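The values are calculated or read from the model by the stated rules, or taken from the named source; none is laboratory data. Treat the numbers as computed from the prediction; the structure is a model and nothing was measured. Cβ: placed from backbone, ideal geometry, glycine included. Neighbour counts: every protein chain shown.
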Amino acid sequence: MTASTKKESIFNLFKQAVLGTEQNFTEGSINRAIFLLSIPMILEMAMESVFALVDIFFVSRLNSNDSVAVIGLTESMLAIVYSLAMGISMGATAIVARRVGEKDSEGAAVAGVQAIFLGVGLSLLITVGGIFFYKDILRLMGASDSMIAVGSQYTLWMFAGNMSIMMLFLINGIFRGAGNAAIAMRSLWIANILNMILDPIFIFGWGIVPAYGVEGAAIATNIGRSVGVAYQLYYLFSGKGIVRLNAKNFIADWEVIKRMVTVSLGATGQFLISSASWIFLARIIAHFGSAAVAGYTIAIRVIIFTILPSWGMANAAATLVGQNLGAGQPDRAEKSVWKAGFMNMVFLGLVSIVFYFASEPILTFFTKDAEVIDYGTRCLQIVAFGYIMYGYGMVITQSFNGAGDTRTPTILSFCGFWLFQIPLAYFLAMKTDLKTDGVFWAIAIAESAMAIAGIIIFRKGKWKKIKI
């Protein structure tokens, strides 16, 4: 094969991955399967991470540390919504992928519908709670009176519109399980492009639209995500893919709901455990003032920008595990995980080098406040030390979930975050001279330890015997 032919084949594969069709990945080249799944999933997750950066970029132009800090504190609490959405999404991915591997397209559609029912019910409860208690949520997180005065409406909008977050994650989980990651990618692109256009309009005002300040970022985000969800629903009801929604299957199936809840509870539990740990970390950081919270918030957004694309690789591994277990090929499932894990480790290893040597210029892009830059720079540099192991660990975690074994990563998360990371962060920050650096070191150390533990457990192979 000549160099030009090889380049052409890679280009054709990339084109096929981006255009996308729902596929059964239980045969053929594993490397090809990882490529076709990973590219759109990486681009999808990159778009999700852009949401985090775009809001911070424009809001930081308001020259208000309180505004940036409010976004950080709100996002820390919204992590609970993300956790619920991602948990149900993983349940949907696992069950839909298993049905696709078994060549049961009707069963895959029924599973997708039940996931949507669960997501709508939970998001309505969160909406009601957020509308009545949004200021109390900020106070609970340690927000000052000035933060609440400046940004409480941002918190109200984000909690009131949480269904768009829930549905965007959840329905994309259905597409991933069906092997059509390209549709999931496109929905995030649509949502993000709208958010990037609307953010400056609603934050700073334009024409008849008044300047809403930090509240405008939430308005723009909700509109963008809602349009993305509308696109997802259009595709599901159009009857073009393996998973087709219609009046016939859009009814409650309590047996499938029970199975979905069983699988999703474990996945939701692990995400809630990790998200709650981030809430406690943000609360510890808040002890050191708004500049510390602002620096931490910007740094975490930058970290998310690199972590979420890596979740794309991890989600690809989960789909491959689910489909291949459904087809009775556990060895192929395992081989897919090791290959995806190595690729992810190499990618995040390169990112960690960039963070270590270029963290200050990266932070300067978002703010000119020297104190905020100093906090954010140290956060990026220290957390980067855990990136290599975390690259492998996230693939292992998602592979457990893809197999329907959500119990193992839940236990790992509880022990790693609650019994190790939080106590370590509190001790290093509050009882030593490390202060905020202690929180950053606790993140790097705990993530690395959890990755090593996950790899050891995965090698035992009990996940291959899970029935869903």
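One residue stands out in region 303-346 among those that are free of Cβ contacts under 8 Å to residues at least 60 places away in the same chain and surrounded by fewer than 19 Cβ atoms within 10 Å (Cβ to Cβ): the one that is nearest to Arg98 (Cα to Cα), namely Gly328.
Comparison of Ala111, Ala115 shows that the only residue that is crowded, with 22+ Cβ neighbours inside 10 Å, at pLDDT 85 or above, more than 21 Å from the chain's Cα centre (by Cα) and not polar (S, T, N, Q) is Ala111. If you take the residues of region 201-216 that are aromatic (Phe, Trp, Tyr) and farther than 9 Å from Phe58 by Cβ, which of them is farthest from the chain's Cα centre (by Cα)? Only one residue fits best here, namely Trp206. Checked against (1) at pLDDT 90 or above; (2) closer than 20 Å to Ala451 by Cβ, Trp311 passes all but a single condition, namely (1). When Ile126 is tested against the conditions (1) under 18 Å from Asn222 (Cβ atoms); (2) without any contact (Cβ under 8 Å) to a residue 24 or more places away in the chain, the lone failure is (2).
In summary, helices (runs of 4 or more DSSP H) completely within region 385-468 and bearing 1 or more residues that are within 19 Å of the chain's Cα centre (by Cα) occur at 387-402, 407-413, 436-458.
Among the listed residues Ser60, Ser89, Ser83, Ser105, which satisfies the condition of being of a type in the set (S, T, N, Q), in contact with a Leu (Cβ under 6 Å, 6 or more places away or on another chain) and surrounded by fewer than 24 Cβ atoms within 10 Å (Cβ to Cβ)? Steps first, please.
Values: Ser60 fails: in contact with a Leu (Cβ under 6 Å, 6 or more places away or on another chain); Ser89 fails: surrounded by fewer than 24 Cβ atoms within 10 Å (Cβ to Cβ); Ser105 fails: in contact with a Leu (Cβ under 6 Å, 6 or more places away or on another chain).
None of the other options fit; the residue is Ser83.
Only one of the numbered conditions (1) modelled with pLDDT of 85 or more; (2) on the phi < 0 side of the Ramachandran plot is not met by Gly289, and that is (2). Examine region 365-379 for a residue that is in contact with a Leu (Cβ under 9 Å, 6 or more places away or on another chain), under 21 Å from Arg332 (Cα atoms) and part of a helix (DSSP H, G or I), and state whether such a residue exists. No, region 365-379 contains no residue that is in contact with a Leu (Cβ under 9 Å, 6 or more places away or on another chain), under 21 Å from Arg332 (Cα atoms) and part of a helix (DSSP H, G or I). In this structure, does Ala252 turn out to be within 24 Å of Asn65 (Cβ to Cβ) and either at pLDDT 85 or above or more than 22 Å from the chain's Cα centre (by Cα) (or both)? Spelling it out, it is not the case that Ala252 is within 24 Å of Asn65 (Cβ to Cβ) and either at pLDDT 85 or above or more than 22 Å from the chain's Cα centre (by Cα) (or both).
Can you tell me which residue in region 169-211 is surrounded by the fewest Cβ atoms within 10 Å (Cβ to Cβ), limited to those that are among the aliphatic types (A, V, I, L, M) and under 18 Å from Phe25 (Cα atoms)? The extreme case among them is Ala182.
For region 367-384, a residue qualifies if it is more than 22 Å from the chain's Cα centre (by Cα) and touching a residue at least 12 places away in the same chain (Cβ under 8 Å), and the qualifying residues are Thr367, Asp369, Glu371, Val372, Ile373, Asp374, Tyr375, Thr377, Arg378.
Cβ-Cβ distances below 8 Å connect the following pairs, each with a first residue in region 32-61 that is at negative phi, a second residue that is at pLDDT below 80 and outside any helix (DSSP H, G or I), and a separation of six or more residues or different chains: Ala33/Phe25; Leu36/Gln23; Leu36/Phe25; Leu37/Phe25; Leu37/Gly179; Pro40/Gly20. Scoring Ala247 on the criteria (1) among the hydrophobic types (A, V, I, L, M, F, W, C); (2) surrounded by fewer than 18 Cβ atoms within 10 Å (Cβ to Cβ); (3) at pLDDT 80 or above leaves a single failure, condition (3). Here Arg99 passes the criteria (1) out of contact with any Gly (no Cβ under 8 Å at 6 or more places or on another chain); (2) at pLDDT 85 or above; (3) of a type in the set (Lys, Arg); (4) under 26 Å from Val256 (Cα atoms) except the one numbered (1). When Gly129, Gly142, Gly173 are checked against the criterion of being more than 30 Å from Ser264 (Cβ to Cβ) and in contact with a helix residue (DSSP H, G or I) (Cβ under 9 Å, 6 or more places away or on another chain), Gly142 stands alone in meeting it.
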